[in-house]
């Protein structure tokens, strides 16, 4: 029972964390970069320890080499001097040093070869990891560009759909405007039909007659003879100056 509950809780947190990772891939990539740096640092620390072992074996091999050279010279000198007992002891010691020297040299060569293999493995692994990180970085940038383009396309598609969907509203508005315009035109025609033009026409005729009378009075006072219009529409009024010229008469 508790195991199932534990698995359920782990699954829930796994889904929650997975969702966070999907929403923040850049943060996850930064974490992996930091992990790579830590791994490289730890690996270099171990590699440094191994390199120290190689240096220690090399130093010991050089020391044994010098000791072996000295023992060989002493053994030869005692043997030439006839000191066989001392020469025998030195010869046994030389054999021990020689065997130890061979063993140390073998260990040193193996350690050095292992060190070079580790360095190569580190370089290859780090290069692969960095290449993957760089590829993921490019993929993330491409994903952002693609996502932004998709959002723009969706936005444009939504705008087109909204614009097309507003046609019904525009149609209703056009009908409302046309209906109001028709009503206004009908009201104007009804008002025009109700207008009594007979009185207006009579008033206009009276004003024209009064204007003619006033013009005739003015012409009479000024001594201007009014003539009716000729058929071609040209009329020449002849006038005499009031008081300066009288009517002409033949002599008796």
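The values are calculated or read from the model by the stated rules, or taken from the named source; none is laboratory data. All figures in this text were calculated on a predicted structure; none of them were measured in a lab. Reconstructed Cβ throughout: ideal geometry from the backbone, glycine too, with neighbour counts over all protein chains shown.
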When region 108-131 is examined, which residues are found to be free of Cβ contacts under 8 Å to residues at least 12 places away in the same chain and surrounded by 14 or more Cβ atoms within 10 Å (Cβ to Cβ)? 109, 125
What do you reckon, is residue 86 over 16 Å from residue 106 (Cβ atoms), in contact with a helix residue (DSSP H, G or I) (Cβ under 6 Å, 6 or more places away or on another chain) and modelled with pLDDT under 90? yes
